[in-house]
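Here's the structure we're looking at; comments come further down.
The values are calculated or read from the model by the stated rules, or taken from the named source; none is laboratory data. Computed from a predicted structure; not experimentally measured. Cβ atoms come from the backbone with ideal geometry, glycine included; neighbour counts cover every protein chain shown. Areas reflect the complete protein model, heavy atoms only, side chains present, ligands, DNA and RNA absent. Shrake-Rupley method; radii C 1.70, N 1.55, O 1.52, S 1.80 Å.
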Amino acid sequence: TKRLYPISKRFTEDAYRVLRAAQLIARFGFVPTKPLIYLSLKIKSPILSQIHIKRTLDCLHTAPYSNIAWQFLEQIHWDRFLS
């Protein structure tokens, strides 16, 4: 099983890292780890550009493992930011 970990606690300094994590999960089938989920939950109200949201949604609509990515986004309560 391929697992996706944050590389440092500084992960929370950039909300776009969560979007990139979701894209990696969707494209390659990574399983989000507890540290990734924990640090993603710490980012409460991200300010995201519409362009980045659109790119992420485009990826999620076409990627082979988008269901895993959506589960991750729902688990960290980010699905509402992308709808």
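Screening His77 on (1) open to solvent by 50 Å² or more (accessible area, probe 1.4 Å); (2) on the phi < 0 side of the Ramachandran plot shows it passes everything except condition (2).
Let's see how each residue does on (1) at pLDDT 95 or above; (2) more than 11 Å from the chain's Cα centre (by Cα):
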residue: Ser40; (1), (2): yes, no
residue: Lys44; (1), (2): no, yes
residue: Ser49; (1), (2): no, yes
residue: Lys54; (1), (2): no, yes
residue: Cys59; (1), (2): no, yes
residue: Tyr65; (1), (2): yes, yes
residue: Trp70; (1), (2): yes, no
residue: Trp78; (1), (2): no, no
residue: Leu82; (1), (2): no, no
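Among the residues of the range 12-23, at least one is β-branched (Val, Ile, Thr) and either free of Cβ contacts under 8 Å to residues at least 60 places away in the same chain or assigned to a loop (DSSP other than H, G, I, E, B) (or both).
The single condition among (1) touching a Leu at 6+ places or on another chain (Cβ under 9 Å); (2) on the phi > 0 side of the Ramachandran plot that Gly29 does not meet is (1). Is at least one residue of the range 19-40 open to solvent by less than 90 Å² (accessible area, probe 1.4 Å) and farther than 22 Å from Lys2 by Cβ? Among the residues of the range 19-40, not one is open to solvent by less than 90 Å² (accessible area, probe 1.4 Å) and farther than 22 Å from Lys2 by Cβ, which makes the answer no. All conditions but one from (1) surrounded by 14 or more Cβ atoms within 10 Å (Cβ to Cβ); (2) within 14 Å of Phe81 (Cβ to Cβ) apply to Ser45; the one that does not is (1).
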